[in-house]
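Below is one structure, written out as structure tokens; the observations come after it.
The numbers here are math on the coordinates, done by the rules we state, and not lab data. Source: prediction; values computed, not measured. With ideal geometry, Cβ positions are generated from the backbone for all residues, glycine too; neighbour counts draw on all protein chains shown.
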Amino acid sequence: MLVEAGHFALALALGLSLIQFVVPLWGARANDPVLMRVAPATALAVLACVGFAFVALTAAYVTSDFSVLNVVENSHSTKPLIYKISGVWGNHEGSMLLWVLILALFGAVVAVSKNTVPARLQANTLAVQAAITFAFLLFILTASNPFTRVMPAPGEGQDLNPLLQDPGLAIHPPLLYVGYVGFSISFAFACAALIDGRIDAVWARIVRPWTLTAWAFLTLGIAMGSYWAYYELGWGGWWFWDPVENASLMPWLAGTALVHSTVVMEKRDALKVWTILLAILTFSLSLLGTFLVRSGVLTSVHSFAVDPARGSFILGILIVFIGGSFALFAWRAPLLRQGGLFAPVSREGALVLNNLFLATACATVFIGTLYPLALEVLTGEKISVGAPFFNFTFLPLIIPLLLLLPFGQTLAWKRGNFLGTAQRLYAASGLAILVTLAVLAFTAGGPVAAPLGVGLGVFLILGSLNEIASRSWSKGSPWAVVWRKAAGLPRSTWGTALAHAGVGVTVIGIAATAWGVESLGTMKVGDRLKAGSYEIRLERLLPRVEANYREDVAILMVSRNGQELGNLETMKRLYLTRGMPTTEAGIMTVGLGQVYASLGEIQPDGSIGMRLYYKPLVLLIWLGALVMAAGGAISLTDRRLRIGTPVRAKTLSAASVAAE
């Protein structure tokens with residue numbers, strides 16, 4: 001009965017979203033406050049309905065209700081509870097329901113933001129958001145119904161894809177979806193501004209928190225997915241330029257440009273048309289990522305579906321919203337008043353350059369990802385665009401961007417002094433050069449580019465902190481005064497510095513992968529395998545049986561220069577229901593580096609294949625992403641982003657006028 005109620009709740013949400021789309025839009029057009037107030041109420045009702053449907057599907061998974069086809073195909077009664085819950089979104093139908101739930105949640109938050117969003121802008125925004133919700137609810141109900149019954153109900157389910165039975169994949173999709181869907185609010189605000197024909201600094205201040213929130217969650221989602229691929233797939237890499245990985249990277253690049261563009265617009269009332277275009281492009285790329293993962297056009301360990309019919313439906317959604325938003329932009333953008341002017345050498349100019357680099361890098365990834373698909377459709381020829389293409393096209397754009405980042409952060413608004421800025425960065429530049437030379441000397445004979453990468457990362461970190469230091473410290477100032485000035489700086493300044501420093505931390509981690517060591521070998525009990533200064537000894541092999549899989553476990557003793565550090569385990573699992581094998585890597589963290597062992601096949605003579613890595617400073621890749629997201633979170637607490645929109649003062653009463 002709960003399943004049917006969940007299905008009905010989705011149908012009710014569909015009708016409510018249609019009302020939320022039509023009535024407030026009409027009300028804004030007629031300037032009728034009563035009709036405009038329909039938007040917040042219906043947005044909350046849509047969230048309640050979709051939330052109930054999601055709870056109903058989750059209950060079906062937790063109770064192993066195998067009369068529901070979605071549960072049969074993606075669950076099993078012996079599966080641990082955490083994977084029963086994550087199985088709700090570990091499939092196409094359930095993931096789309098989570099997608100719409102987050103979409104409705106964002107709409108509801110806008111609905112309750114009475115003091116921060118003007119009524120007319122709120123009505124138009126929620127109307128656009130409702131149109132997106134309506135389209136995806138229609139898709140779920142007609143092509144991807146998660147509540148379809150199966151009769152007679154089987155006694156057992158088919159289990160979840162073993163690769164998804166992992167804590168990382170329980171966390172990764174929700175984080176990624178909050179990022180993807182969060183940009184729908186920026187998109188909706190942009191379309192609302194185009195409909196109304198008005199955009200100003202107040203609009204930028206309203207949009208910026210939503211953009212920052214989406215960007216921070218997308219950063220965390222990509223980082224979590226990267227770490228999952230690193231340890232779960234057993235390949236030892238952290239990024240593979242997989243098309244589905246690129247599908248999340250493209251909106252992140254565009255979203256990063258959008259975050260910086262809204263800063264210029266808020267500060268200088270400039271880049272209005274460009275900011276609107278970026279808001280449309282960022283969410284369009286999020287929709288494209290949804291299409292790539294669920295259309296069947298890609299074969300990837302990340303893909304959810306291989307059904308072309310569903311892909312055609314999502315493609316129709318893309319055409320309507322991407323095509324419609326660009327048509328609206330072409331029609332209304334020329335009517336928007338341009339904002340303030342600024343000198344080329346200024347913080348605004350640096351942010352424009354930042355946007356150009358990011359947009360070009362995004363276009364590069366877009367071409368490399370979609371060109372093989374387009375070529376196959378047009379000619380039937382299949383080609384593979386892999387890491388060499390992206391490394392030769394993407395890196396030459398990103399490295400200059402990173403080099404310019406501290407300069408842009410230090411330049412003054414409106415009109416800057418490049419020479420003066422360079423002088424303020426002398427200390428950061430000098431220390432970065434010293435670190436580079438020290439690393440070159442210490443790793444003589446090794447890769448040359450890696451020390452340069454470490455130096456670049458140090459320059460980014462020190463350059464980011466330089467902004468705090470230059471605004472807090474002056475010659476002869478007591479430390480108490482310096483600390484008080486630093487504490488009094490806007491939180492957005494601290495957040496920006498922290499986010500940029502996080503980029504530097506990640507750059508150091510990426511550069512350090514060049515010093516990684518890999519060894520391959522065949523081992524029997526007692527044999528040793530060495531990678532750099534680390535060595536493993538195979539202690540024993542043993543079988544192990546768990547609730548829904550069995551595994552062969554290799555227990556290894558790790559030592560460094562003869563000193564034992566402890567045991568780690570790597571295993572080969574066989575999930576019994578699906579008959580699917582997986583490899584679980586064994587990882588030992590040593591400082592910021594890791595010893596990584598991956599078990600190969602067990603041979604008839606009892607020997608095993610073993611792949612051993614030592615990866616120095618590899619954790620910095622993901623720690624940097626956490627620091628970036630933390631910087632975004634700190635910026636969100638800035639007072640300027642919490643202030644409501646100006647409200648017209650109430651008319652003085654007749655009594656007060658008489659008294660005066």
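Taking the convex hull of the Cα atoms, report for segment 86-203 its projected area averaged over all directions, in nm². Don't skip to the answer; put the middle values down first.
Working: hull surface 37.8 nm².
Taking the Cα atoms of segment 86-203, their convex hull projects to 9.5 nm² on average.
For residue 441 paired with residue 469, estimate the spin-label separation in nm (one decimal), with each label point 7 Å from Cα along the Cα-to-Cβ line.
Between residue 441 and residue 469, the simple spin-label model gives 2.1 nm.
Under a no-solvent Debye model with one identical scatterer per Cα of the chain, what's log10 I(q)/I(0) at q = 0.07 Å⁻¹?
-0.53
What's the center-to-center distance, using Cα atoms, between segment 218-269 and segment 12-75 in Å?
Distance between centres, Cα-based: 29 Å.
Return the ratio Rg/(2.2 N^0.38 Å) for segment 1-165, where Rg is computed over Cα atoms only.
On the way: Rg = 17.9 Å, N = 165, 2.2 N^0.38 = 15.3 Å.
Dividing the Cα Rg of segment 1-165 by 2.2 N^0.38 Å gives 1.17.
Express in whole angstrom the spacing between the alpha-carbon centres of segment 333-409 and segment 157-191.
Between the Cα centres of segment 333-409 and segment 157-191 lies a distance of 25 Å.
Below 8 Å between Cα atoms, with a sequence gap of 6+, how large is the relative contact order for the chain in percent? Intermediate values should be presented prior to the final figure.
Details: 1172 pairs, mean separation 75.3, N = 660.
Contact order relative to length: 11 percent.
What ranking do 480-490, 586-596 get when scored by the average of other Cβ atoms within 10 Å per residue, highest first?
Numbers: 480-490: 12.3, 586-596: 18.7.
So the order, starting with the most tightly packed, is 586-596, 480-490.
Ignoring everything except DSSP H segments at least 4 long, calculate the 222 nm mean residue ellipticity for the chain; use -39,500 (n - 2.57) per segment, divide by total residues, nearest 500.
-21000 deg cm²/dmol
State, to one decimal in nm, how far the label point of residue 367 lies from the label point of residue 485, with both points 7 Å from Cα in the Cβ direction.
Distance between the two pseudo-spin positions: 4.7 nm.
How far apart, in nm, are two points set 7 Å out from the Cα along the Cα-to-Cβ line at residue 62 and at residue 605?
5.4 nm
Say the cut-off is 25 Å between C-alpha atoms; which of 272/485; 79/524; 572/615; 530/572; 272/414; 267/485 go over it? Display every interim value, and only then the final one.
On the way: 272/485 33 Å; 79/524 33 Å; 572/615 22 Å; 530/572 21 Å; 272/414 16 Å; 267/485 22 Å.
Result: 272/485; 79/524 exceed 25 Å.
How large, in Å, is segment 199-399 by the Kirkwood hydrodynamic radius built from its alpha-carbon pairs?
18.4 Å
Fewest to most neighbouring Cβ within 10 Å: what's the order for 7, 76? Don't skip to the end; give the middle numbers.
Details: 7 19, 76 24.
Ascending Cβ contact count within 10 Å gives the list 7, 76.
Please give the FRET efficiency for residue 404 paired with residue 115, using the beta carbon to beta carbon distance and R0 = 30 Å, rounded to the nearest 0.05.
After rounding to 0.05, the efficiency reads 0.20.
Sort out for me the Cα centre separation of segment 553-579 from segment 432-491, rounded to whole Å.
39 Å
Could you give the length gained by full extension between residue 557 and residue 360, i.e. 0.36 nm per residue of separation minus their alpha carbon distance, to one decimal place? Show your work: numbers first, answer last.
Details: separation 197, 0.36 × 197 = 70.92 nm, distance 4.78 nm.
Here the segment from residue 557 to residue 360 would lengthen by 66.1 nm.
Residues of segment 576-601 with the amide nitrogen closer than 16 Å to a label point 7 Å from the Cα of residue 156, along Cα-to-Cβ, please.
Once the point is set 7 Å along Cα→Cβ of residue 156, 576-580 turn out to lie under 16 Å by backbone N, inside segment 576-601.
Could you give the dipole magnitude of the chain about its Cα centre, charging the beta-carbon of Lys and Arg +1 and that of Asp and Glu -1, in debye to the nearest 20?
Details: 45 positive and 34 negative charges, 526 e Å.
For this selection, approximately 2520 debye.
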